[in-house]
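The values are calculated or read from the model by the stated rules, or taken from the named source; none is laboratory data. Since the structure is predicted, the reported quantities are computational estimates derived from the model, not experimental observations. As a convention, Cβ positions derive from the backbone with ideal geometry for all residues, glycine included, and neighbour counts pool all protein chains shown.
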Amino acid sequence: MDTIHSLTKDYWNNRYENNDFSWDLGAISPPLQHYIDQLNHKEAVILIPGAGNGYEAEFLWRSGFEQVYVLDVAEIPLQNLAKRLPDFPKSHLIRQDFFEHQGQYDVIFEQTFFCAIHPTLRNHYAKHMFELLKPTGKLIGLLFNDVLNDNKPPFGGNKAEYETLFAPLFDIKVMQTAYNSVKPRHGRELFFSMQPKKH
């Protein structure tokens, strides 16, 4: 089976079952924590796709954001988040393929989801992010500015590639090397903020 069709829910569940998730920091990434600490709009409707163990969602929830939705194709990480946050609404834990998800969000956070999808799906990713955001919404997150792998996740990329990908649909407000990445990712992550171009 080729790589693009092998990245199924079973593939990701197996990785969690086997503790094969080296991308997992065990906590929210510092650049996203710093950004969230500056957010005041607690009523914002927020999506975290490909959320894995959902540390960003946990931090948001504990910070008073109640309209947080977590999306993942694998069931195990959603269960892990539910165990850590028993009061988190079960209806906000969505096991679904990102590309099949529908909704309208004020903020979408990207954290190691983009690098988990096959590079041939990146145009589709950009288009679907545009569709999921309200016209005034924001796509915020981190992208690897590194080569990484070409045959399995995580798949890498670079700033020029990302700008070319997103510029047709988004106004890129910020895309720069994150100054506060965790040590193993220092100098290898781009923090970005972008908004949908006018429909």
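So the values come out like this:
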| quantity | calculated |
| --- | --- |
| Listing of strands (runs of 3 or more DSSP E) fully contained in segment 133-191 that carry 2 or more residues being of a type in the set (Gly, Ala, Ser), modelled with pLDDT of 85 or more and under 17 Å from the mean Cα position of the chain (by Cα) | 133-144, 155-157 |
| Residues of segment 107-129 classified as under 14 Å from the mean Cα position of the chain (by Cα) and either assigned to a helix (DSSP H, G or I) or on the phi < 0 side of the Ramachandran plot (or both), total | 15 |
| Selection within segment 155-185 - surrounded by 13 or more Cβ atoms within 10 Å (Cβ to Cβ) and either over 23 Å from ILE28 (Cβ atoms) or among the β-branched types (Val, Ile, Thr) (or both) | ASN158, LYS159, GLU161, GLU163, LEU165, PHE166, ALA167, LEU169, PHE170, ILE172, THR177, VAL182 |
| Residue within segment 171-194 that is farther than 18 Å from LYS134 by Cα, among the acidic types (Asp, Glu) and free of Cβ contacts under 8 Å to residues at least 24 places away in the same chain present | no |
| Residue that is farthest from GLY141 (Cα to Cα) [pool: residues in segment 50-79 that are out of contact with any Asp or Glu (no Cβ under 8 Å at 6 or more places or on another chain) and in contact (Cβ under 8 Å) with a residue 60 or more places away in the chain] | GLU75 |
| Only one of VAL68, VAL73, VAL45 that is modelled with pLDDT under 95, closer than 25 Å to HIS128 by Cβ and among the hydrophobic types (A, V, I, L, M, F, W, C) | VAL73 |
| Residue list for segment 59-104, restricted to those being under 23 Å from GLU43 (Cβ atoms) and touching a Gly at 6+ places or on another chain (Cβ under 6 Å) | VAL70, LEU81 |
| Given (1) modelled with pLDDT of 85 or more; (2) over 13 Å from the mean Cα position of the chain (by Cα); (3) within 24 Å of PRO153 (Cα to Cα), number of the condition GLY26 does not satisfy | (1) |
| Residue list for segment 44-64, filter: part of a loop (DSSP other than H, G, I, E, B) and among the hydrophobic types (A, V, I, L, M, F, W, C) | ALA44, VAL45, ALA51 |
